[in-house]
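The values are calculated or read from the model by the stated rules, or taken from the named source; none is laboratory data. Values in this document were obtained by computation on a predicted structure and should not be read as measured data. Methodologically, a virtual Cβ is constructed for each residue, glycine included, from the backbone with ideal geometry; neighbour enumeration extends over all protein chains shown. Accessible surface is based on the protein model in full, side chains and every heavy atom, while ligands, DNA and RNA are left aside. Shrake-Rupley method; radii C 1.70, N 1.55, O 1.52, S 1.80 Å.
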Amino acid sequence: MHQALAAVLHAIRGVRFEEQIGVSEVALGTILETLQVWVDACEYDSEGIIVIRDALGNPIGKFEKDFYPIQIRALRNALEVALLDLGQNEFFTITGFSLAEGKQLLDVLNAALLDPLHLDLQTDSVSH
């Protein structure tokens, strides 16, 4: 995510931040800085994977950071812009991930946005 955000901010020309991302360029930069500070503060294992520990210091294996819905939407939109603009080769060169892996992250962000709406609960609509 970090590399995709950096690409949107610094490598992709012509991004209309308010329209395409949903936040200003400055606001997206702030999200990137917040994410970077958090990632830099994390502990890494021998393979470079972030290790999250519980209060007792035991690894719990969860990679979690709280974001507001508007930030998640901006992350999602920025990732989509990066995926569409860069294409497979350039996306891989910049991020180290394939488009398929980027799409998986996009799906996670989409699910995070939809989850608070409880859309997984199937109910009949009163409109029909």
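Here is how the numbers come out for the structure above:
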| item | result |
| --- | --- |
| Of all residues making up the range 9-46, the number that are more than 16 Å from Leu84 (Cα to Cα) and not in a helix (DSSP H, G or I) | 8 |
| Residues being touching a Leu at 6+ places or on another chain (Cβ under 7 Å) and open to solvent by less than 20 Å² (accessible area, probe 1.4 Å) - total across the range 9-27 | 1 |
| Condition broken by Ala6, with the remaining ones in (1) open to solvent by 60 Å² or more (accessible area, probe 1.4 Å); (2) within 17 Å of Leu83 (Cα to Cα) satisfied | (1) |
| Subset of the range 64-100 (residues that are open to solvent by 80 Å² or more (accessible area, probe 1.4 Å) and within 15 Å of Glu18 (Cα to Cα)) | Ile70, Arg73 |
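To keep it simple, each residue is scored yes or no on (1) within 30 Å of Ser24 (Cβ to Cβ); (2) of a type in the set (A, V, I, L, M, F, W, C); (3) more than 11 Å from the chain's Cα centre (by Cα).
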residue: Arg53; (1), (2), (3): no, no, yes
residue: Phe67; (1), (2), (3): yes, yes, no
residue: Gln71; (1), (2), (3): yes, no, no
residue: Arg76; (1), (2), (3): yes, no, no
residue: Leu79; (1), (2), (3): yes, yes, no
residue: Thr93; (1), (2), (3): yes, no, yes
